[in-house]
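J.: Attaching a single structure in structure tokens format; questions to follow.
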Amino acid sequence: MESSFLGEIIVKRGLLPPEQLEEAIATAEERGVSLDTILVATRALEEKALVAALADELGLRFQEKVDVESVPEELVELVPINFARQHHILPIGEEGEVVLVAVGDPLETFALDDLRVLLKRP
């Protein structure tokens, strides 16, 4: 996930002061990891708060947990397990012709595009 985009969301929503964010960005760059990884690992932010803010900013639904019993088996069977694991992506339901998808990183649009082709549905 791009640090500048995530950083803007964090400051805009008042989740961290700019100085603390700058320190986290520097640490992330120094260690060669993503900003979200550093923020959660150092407990500067709770993962739930970070993900909820990102989802809200992107206009997406935030769902903390997926009820696996409610996931249509026929959708899951269409997605190769290695693809789902690699991209942290799982179809969880349907609304008309649209497939609802749980994703670990909503900015990973290539995986969403690939899933769209795989399922032959938006």
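The values are calculated or read from the model by the stated rules, or taken from the named source; none is laboratory data. Every value quoted in this text rests on a predicted model; they were computed, and no experiment measured them. A quick note on method: Cβ atoms are made from the backbone with ideal geometry, for glycine too, and the neighbour counts reach across all protein chains shown. Protein only, heavy atoms only, side chains kept; ligands, DNA and RNA dropped before computing areas. Shrake-Rupley method; radii C 1.70, N 1.55, O 1.52, S 1.80 Å.
J.: Within the range 13-28, how many residues are outside any loop (DSSP other than H, G, I, E, B), in contact (Cβ under 8 Å) with a residue 24 or more places away in the chain and not aliphatic (A, V, I, L, M)? It would help to see each step written out before you state the result.
T.: Within the range 13-28, the first condition is being outside any loop (DSSP other than H, G, I, E, B), and the residues that meet it are 18-28.
Now drop any that are not in contact (Cβ under 8 Å) with a residue 24 or more places away in the chain, which leaves 20, 28.
If we keep only those that are not aliphatic (A, V, I, L, M) as well, we get 20.
Total satisfying the criteria: 1.
Results for (1) within 19 Å of H88 (Cβ to Cβ); (2) among the hydrophobic types (A, V, I, L, M, F, W, C); (3) open to solvent by 30 Å² or more (accessible area, probe 1.4 Å), shown as yes or no for each residue.
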{"site": "L6", "(1), (2), (3)": "yes, yes, no"}
{"site": "G14", "(1), (2), (3)": "no, no, yes"}
{"site": "E29", "(1), (2), (3)": "no, no, yes"}
{"site": "L35", "(1), (2), (3)": "yes, yes, no"}
{"site": "L39", "(1), (2), (3)": "yes, yes, no"}
{"site": "L58", "(1), (2), (3)": "yes, yes, yes"}
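J.: Could you name every one of the helices (runs of 4 or more DSSP H) located completely within the range 30-103 that has at least 3 residues being among the acidic types (D, E) and closer than 28 Å to E8 by Cβ?
T.: The helices (runs of 4 or more DSSP H) meeting that bar are 47-58.
J.: Does I10 qualify as being touching a Ser or Thr at 6+ places or on another chain (Cβ under 8 Å), open to solvent by less than 60 Å² (accessible area, probe 1.4 Å) and farther than 26 Å from K120 by Cβ?
T.: The answer is no for I10.
J.: Filter the range 91-105 down to the residues that are under 15 Å from L60 (Cβ atoms) and either open to solvent by 30 Å² or more (accessible area, probe 1.4 Å) or among the hydrophobic types (A, V, I, L, M, F, W, C) (or both) and list them by number.
T.: I92, E95, V98, V99, L100, V101, A102, V103, G104, D105
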